[in-house]
1. In the range 1-43, what residues are at pLDDT 70 or above, loosely packed, with under 13 Cβ neighbours inside 10 Å and more than 13 Å from the chain's Cα centre (by Cα)?
2. List every residue pair whose Cβ atoms sit under 7 Å apart, with the two residues 6 or more apart in sequence or on different chains, where the first one lies in the range 59-81 and is within 13 Å of residue 41 (Cα to Cα) and the second, anywhere, is surrounded by fewer than 15 Cβ atoms within 10 Å (Cβ to Cβ).
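The values are calculated or read from the model by the stated rules, or taken from the named source; none is laboratory data. As the structure is a prediction and not an experimental result, all values here were calculated from the model. Quick reminder, even Gly has a Cβ in these numbers, built from the backbone with ideal geometry, and neighbours come from all protein chains shown.
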């Protein structure tokens, strides 16, 4: 799994990209093929505590992303959406 940090509207985001995994029953749907899944870790940037906890939000995708860069961009886009929901006083889309 790889990570890349980015700041957005007072929050830190880390894109997490990893090889596409089998489903919860251990079988992989062959139509999905190889690729990557993505998630994003988010925490307040002005917390001041480098040990403060991140919250992880998985990017929901029917099929894996073909390239690492595509998955990373999707993670940051999803993170921005989650942060926008938080700042608007709404629940994040994943909850």
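1. 7, 9, 10, 19
2. 72/4; 81/93
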